[in-house]
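Asks: Take this structure first; my questions come after.
Read the figures in this text as sums done on the coordinates, not as results from a lab. The model shown is predicted, which means the values in this text are computed figures rather than measured ones. Note that each Cβ is placed from the backbone with ideal geometry, even for glycine, and that neighbours are counted across all protein chains shown.
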Amino acid sequence: MRPKTSQAVIDGFAAIIDAQDQKGIQKYGRNIDDAIDEDYDWKLMALEESADQLKYLVREVKMLKNKLREEKQRRMDLEKWHQRNMNFEVLES
């Protein structure tokens, strides 16, 4: 029996493969097993997909860095707000 996390990865990946297979059938009219090798440059297609993958990862990292920067700024703003209010509370006492 697999750990739950491992099974979730396998299930998720299988779903992606199934979806990609359907996309390929819709686009090319056949699955990869029925493809005619002479019609495709498999190495070039793999390189193109790898290039796209790298672009997607760079974009994701950029997005996460932006979110982290925003959260850091939010935290600093909250800390400043807290300090101002703490000082005000001391004056009221």
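Asks: What net charge do the residues around D39 carry, taking every other residue with its C-beta under 15 Å from that of D39, with Lys and Arg at +1 and Asp and Glu at -1?
Replies: Net charge around D39: -2.
Asks: May I ask you to evaluate 6.51 cos²θ - 1.76 cosθ + 1.60, the Karplus curve with θ = phi - 60°, for each residue of segment 51-56 and list the ³J(HN,Hα) values in order in whole Hz, giving x for glycine and proline?
Replies: Computed from phi, the couplings for segment 51-56 are 4, 4, 4, 5, 4, 5 Hz.
Asks: In whole Hz, what ³J(HN,Hα) sequence does segment 7-15 give by Karplus (6.51, -1.76, 1.60; θ = phi - 60°), x for Gly and Pro?
Replies: Ordered by residue, 3J(HN,Hα) equals 5, 4, 5, 4, 4, x, 5, 4, 5 Hz.
Asks: Same structure, new question: Once Rh is set to the Kirkwood radius over Cα pairs, what Stokes-Einstein translational diffusion coefficient, in µm²/s, holds for the chain at a temperature of 20 °C and a viscosity of 1.002 mPa s? Could the numbers behind the result be given before it?
Replies: Values: Rh = 18.7 Å.
Here the translational diffusion coefficient equals 114 µm²/s.
Asks: For the chain, what does the helix formula give at 222 nm: sum of -39500 (n - 2.57) over DSSP H segments with n ≥ 4, over the residue count, nearest 500 deg cm²/dmol? Before the final figure, lay out each step's value.
Replies: Details: 2 runs with 76 residues, N = 93.
The per-residue figure over the chain is -30000 deg cm²/dmol.
Asks: With +1 on the Cβ of every Lys and Arg and -1 on the Cβ of every Asp and Glu, and nothing else charged, how large is the dipole of the chain about its Cα centre, in debye rounded to the nearest 20?
Replies: Using only the charged Cβ atoms, the result is roughly 780 debye.
Asks: Follow-up. Where does the charge balance sit around M76 when Lys and Arg score +1, Asp and Glu -1, over other residues with C-beta under 14 Å from its C-beta? Intermediate values should be presented prior to the final figure.
Replies: Working: positive: R69, K72, R74, R75, K80, R84; negative: E70, E71, D77, E79.
Result for the neighbourhood of M76: +2.
Asks: Against the 2.2 N^0.38 Å scaling, with N counting residues, where does segment 41-93 land? I'd like the Cα-based Rg ratio to two decimal places.
Replies: 2.31
Asks: Could you work out how much longer the chain between I36 and Q20 gets when fully extended? Use 0.36 nm per residue separation minus the Cα distance between them, nm to one decimal.
Replies: 3.9 nm
Asks: Then there is this: State the Cα centre-to-centre distance between segment 1-24 and segment 30-59 in whole Å.
Replies: About 19 Å separates the Cα centre of segment 1-24 from the one of segment 30-59.
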